[in-house]
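The structure under discussion appears below in the form of structure tokens.
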Amino acid sequence: MKKTDSTGAWGEKIAAQYLKKQGYKIVAKNVSCRHGEIDIIAQNHAFLVFVEVKLRKDASHGEPREFVTFSKQTRLRTTAQWYLSGHPTDLQPRFDVVEILAPQGGKTRDPIIHHLENAF
């Protein structure tokens, strides 16, 4: 979902809150360039984690992670390289996917969250 979509923004907020509870430090959100956008950049131990958030009402058309296609992965990698060129770090880059199942969209009280570390 696009970040301008209120449900998508809600999903990214939920994902950031989840990551913080897991001990991650949020470094940046909605980082974009001409190549693409990264929803969340977080730090955890020795890793700088580039996070793609996928929100769906249900998995009837496939798991949310299945929508992080090869093409999307390529755009994320290119955007991460662009980000790193301006923000050098000794941390190891990693790509994660946080998938959120929220049957009532932004009104869902207890969304189901799956965090896939090193997803691609």
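Output yes when any residue across region 82-93 is crowded, with 18+ Cβ neighbours inside 10 Å and either of a type in the set (Asp, Glu) or modelled with pLDDT under 95 (or both), and no when none is.
Within region 82-93, none of the residues are crowded, with 18+ Cβ neighbours inside 10 Å and either of a type in the set (Asp, Glu) or modelled with pLDDT under 95 (or both).
Take the residues in region 8-66 that are in contact with a Phe, Trp or Tyr (Cβ under 9 Å, 6 or more places away or on another chain) and of a type in the set (Lys, Arg), then tell me which one is farthest from Thr108 (Cα to Cα).
So the residue we want is Arg34.
Determine which member of the set Lys20, Lys29 is farther than 15 Å from Asn118 by Cβ, of a type in the set (Lys, Arg) and not in a strand (DSSP E or B).
Working: Lys29 fails: not in a strand (DSSP E or B).
The match here is Lys20.
Of the conditions (1) surrounded by fewer than 16 Cβ atoms within 10 Å (Cβ to Cβ); (2) over 20 Å from Phe120 (Cβ atoms), Lys29 fails just one. Which one is it?
So Lys29 meets the others, but not (1).
Considering only region 46-79, state which residues are among the aromatic types (Phe, Trp, Tyr), at pLDDT 90 or above and within 22 Å of Ser6 (Cα to Cα). Show your work before the answer.
At the first step, the residues of region 46-79 found to be among the aromatic types (Phe, Trp, Tyr) are 47, 50, 67, 70.
Pick out the ones that are also at pLDDT 90 or above and you get 47, 50, 70.
Hit for region 46-79 is Phe50, nothing else.
Select from region 32-55 the residues that are of a type in the set (Gly, Ala, Ser) and assigned to a strand (DSSP E or B) and list them in ascending order. Can you show your working first?
So the first thing to find is which residues in region 32-55 are of a type in the set (Gly, Ala, Ser), and the list is 32, 36, 42, 46.
The answer is Ser32, Gly36, Ala42.
When the residues of region 81-120 are narrowed to those that are assigned to a strand (DSSP E or B) and among the charged types (D, E, K, R), which ends up farthest from Ala28 (Cα to Cα)? Before you say what the answer is, go through the steps one by one.
Of region 81-120, the ones assigned to a strand (DSSP E or B) are 92-101, 112-116.
Adding the requirement that they be among the charged types (D, E, K, R) leaves 94, 96, 99.
Numbers: Arg94: 15, Asp96: 15, Glu99: 19 Å.
In this case the residue turns out to be Glu99.
Please verify whether Arg77 is out of contact with any Asp or Glu (no Cβ under 9 Å at 6 or more places or on another chain), exposed (fewer than 14 other Cβ atoms within 10 Å of the Cβ) and more than 14 Å from Ile100 (Cα to Cα), treating the condition exactly as stated. Spell out how you get there, then give the answer.
Values: out of contact with any Asp or Glu (no Cβ under 9 Å at 6 or more places or on another chain): yes; exposed (fewer than 14 other Cβ atoms within 10 Å of the Cβ): no; more than 14 Å from Ile100 (Cα to Cα): yes.
No: the conditions fail for Arg77.
Which of the residues spanning region 56-80 are in contact (Cβ under 8 Å) with a residue 12 or more places away in the chain, assigned to a helix (DSSP H, G or I) and not aromatic (Phe, Trp, Tyr)? Spell out how you get there, then give the answer.
If we filter region 56-80 for residues that are in contact (Cβ under 8 Å) with a residue 12 or more places away in the chain, which is where we start, we get 56-59, 63-65, 67-68, 72-73, 75-80.
Keeping just the survivors that are assigned to a helix (DSSP H, G or I) gives 64-65, 67, 72-73, 75-80.
Selection gives Pro64, Arg65, Lys72, Gln73, Arg75, Leu76, Arg77, Thr78, Thr79, Ala80.
The values are calculated or read from the model by the stated rules, or taken from the named source; none is laboratory data. Fair warning: this is a prediction, and the values are worked out from it, not measured in the lab. We place every Cβ from the backbone using ideal geometry, glycine too, and count neighbours over all the protein chains shown.
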